[in-house]
Amino acid sequence: MALLSVVIVLLPSLLFSLLTIITTTTTTYALVEQPLKANPVLFGTSDYSSILFGKLQRASSLYGTNLGDPLAVLSEGDSLRKLDKLLWSQFCMAYSGAAGTIEEADMLLPLTSWIPQGDLKDSLIFIDAASSLKIFDGKDEFVELLKKTFSNLVELAVSKDDDDTPKQRETKSNEDFTIIPSRPINEKILKVAVQRQCAHVYILTDEDSLSSCLECIEKHCGSKEIPCTIVVLDAVIHSSSDWISSRPQDMEGELTAPIAVSKHPYNDGGEQVEEENKRIHLSSKPPTLPAEDAAEVMLQIALRTKRNPSNKRRIVRLYSGNEDLDGRSNNDYFTRTGNEAAGSVYSVSSWESVLGPSFGSVLMDVGKRRDAAPL
């Protein structure tokens, strides 16, 4: 009876203390909305896909992104060695990992506990239907490599006998470039991903491949109501082996040049308008856009925009922008352990202003801790 009396006396003060703590916490810190948990899956090992793999892998290690480790599906023509070489040289000695890749044949097998990577439920699917486009500028890669290593000998050999020029040069056009059409979407893997209830499909494509992409999406995703985001390049994608990720420890982005995103000129009925903007004009050398920037924009779209929008098919254009990038100190891993900032990293001033007009609401606090966002 005495114990009950003590509890009755102390209960009001305990409740008041608890209420004070809750009130103080909610008024001190803002509620930070983060994306849902998901595992990213990429089709292939093109330069764009490999760079996106590296960016997703880096993002998965940061607070608040809720991303699992990325998985690359290897089909004919893909190379695990190429993927790991790019990750090692351009993402600070990263690599795909023991469970970071799966062969297409294994992915197409029925679900089994022996192949856990085959479970694609609620995963994010990333497809490259653009980066097979290449520019041939009249230079042979092997000769260029030899020039760097044995510059004097090769220069002498090339100048001595012009007839020894590699035969590949004969394929160049009058403008010194040729266009190789982008390869189609791997419908077998896409079908499996849809059947296994993936959460969203993100496709990078170009104007010439857009119609076939839409047909493929309608065929496999339409009846299952799987949402899809298609990013249409207004340029030819290219990559540079000189680019190296700064691996910033935030999700503010890492770009090499200004970019812009806008709604694609398709109306709700699926008919295209502004026909003059439909195709890249190939009568002259087309503009280019870095693969690392395309990968960054796709990553930001996947993390900051709705994954289950009312409009199941979102189509936007990605092209070079005019606004200057904002620089910030690169607070990488080594900075966090007491070293000085490792130079600067550049990105857009606001992802809300870049993505908002095309996608609506945009998550602005991705990767930010709650105790780092005071009201």
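Only a single item in (1) modelled with pLDDT of 95 or more; (2) more than 21 Å from Val316 (Cβ to Cβ); (3) in contact with a strand residue (DSSP E or B) (Cβ under 8 Å, 6 or more places away or on another chain) is not met by Lys191, and it is number (3). The number of residues in region 90-105 being surrounded by 13 or more Cβ atoms within 10 Å (Cβ to Cβ) and over 18 Å from Asn39 (Cα atoms) comes to 4. State whether the residues of region 10-30 include one that is at pLDDT 95 or above and either at positive phi or touching a strand residue (DSSP E or B) at 6+ places or on another chain (Cβ under 9 Å) (or both). Within region 10-30, none of the residues are at pLDDT 95 or above and either at positive phi or touching a strand residue (DSSP E or B) at 6+ places or on another chain (Cβ under 9 Å) (or both). The residues in region 283-319 that are assigned to a loop (DSSP other than H, G, I, E, B), more than 17 Å from Leu36 (Cα to Cα) and of a type in the set (D, E, K, R) can be counted, and the count is 2.
A quick yes/no check of all residues on (1) open to solvent by 10 Å² or more (accessible area, probe 1.4 Å); (2) within 17 Å of the chain's Cα centre (by Cα):
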{"site": "Thr205", "(1), (2)": "no, yes"}
{"site": "Asp208", "(1), (2)": "yes, no"}
{"site": "Ser223", "(1), (2)": "yes, no"}
{"site": "Ser239", "(1), (2)": "yes, yes"}
{"site": "Gln249", "(1), (2)": "yes, yes"}
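Of the set (1) open to solvent by 20 Å² or more (accessible area, probe 1.4 Å); (2) at pLDDT below 90, all apply to Glu218 but (2).
The values are calculated or read from the model by the stated rules, or taken from the named source; none is laboratory data. What you see is a predicted model; the values in this text were computed from it and never measured. Glycine gets a Cβ as well: all are built from the backbone with ideal geometry, and neighbour counts include every protein chain shown. Side chains included, ligands, DNA and RNA excluded: accessible areas come from the protein's heavy atoms. Shrake-Rupley method; radii C 1.70, N 1.55, O 1.52, S 1.80 Å.
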